[in-house]
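Notes follow the structure.
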Amino acid sequence: MGFFTADLCDDFSNKTEVLGPDFKSYGGIVKFKGSAVTVKLDKNNKDLAVLLKDKNGEGKIVVVDVDMKYYAVVGDNLMKFASDNKYEGIIVNGYVRDTIATKEFQVGLLAKGTCPKKYIPVQAGEINVPLFIDEVQIVEGDYIYVDPDGVVITKEKLI
């Protein structure tokens with residue numbers, strides 16, 4: 001995959017924004033890129049699971065915001081759905097679990113940390129809504145580049 005986030009920031013400084021340094025990698029790949037699909041959740045991951053299970057993810061990165069509530073919203077089951085439907089990656093402004101297993105899937109997974117507990121009562125989420133993470137607005141169709149140096153958000157595909 002021919003890009004480095006540092007080079008993108010240098011070459012396109014007026015077109016790039018970066019997420020903060022607190023994201024850690026829990027997936028099977030650490031370098032990925034794709035078009036954003038946004039998901040806003042309130043602790044429960046039902047709508048995210050349906051999206052990952054039922055929609056083609058080729059060329060897409062799902063960005064999930066749960067306002068840092070301390071419940072896991074991605075684990076091995078959702079990573080299997082993402083892998084089966086060819087998603088490039090998932091970025092969670094929150095927590096994940098089953099991290100030994102999530103690294104077995106060839107899907108990128110970034111999160112702020114881990115939590116062994118998921119939220120059981122079903123609550124509705126929202127798909128393709130604007131998100132604000134680390135003071136960066138992310139909307140459906142933004143382009144995202146990820147490597148070990150960080151997460152770059154752009155309004156258009158740069159390379």
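Listed values, structure above:
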read-out	value
Cα-centre dipole for the chain with unit charges at Cβ (Lys and Arg positive, Asp and Glu negative), debye to 20	620
Under-18-angstrom lysine pairs by C-alpha in segment 30-72, whenever the two are 8 or more apart or on separate chains	10
Peptides 123-136, 36-49, 88-101 ordered by average Cβ neighbours within 10 Å, highest first	88-101, 36-49, 123-136
The chain - Debye-derived log10 I(q)/I(0), Cα point model, q = 0.16 Å⁻¹	-0.80
Residue with peak Gaussian network fluctuation, the chain [Cα springs, cutoff 10 Å], from Ser13, Ser35, Ser83	Ser13
Separation between Cα centres of segment 119-159 and segment 69-95, rounded to whole Å	13
Residues Tyr145, Tyr70, sorted so that the one with the fewest Cβ neighbours within 10 Å comes first	Tyr70, Tyr145
Fewest-first sequence of Leu19, Leu110 by Cβ atoms within 10 Å of each Cβ	Leu19, Leu110
Segment 5-154 - percent relative contact order, Cα under 8 Å, separation 6 or more	37
Listed residues Asn77, Ser13, Phe132: farthest to the positive end of the dipole of the chain (Cβ charges)	Asn77
Beta bridge orientation in the chain: antiparallel %, DSSP, nearest 5	45
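The numbers here are math on the coordinates, done by the rules we state, and not lab data. Fair warning: this is a prediction, and the values are worked out from it, not measured in the lab. All Cβ positions, glycine included, derive from the backbone under ideal geometry; neighbour counts span all protein chains shown.
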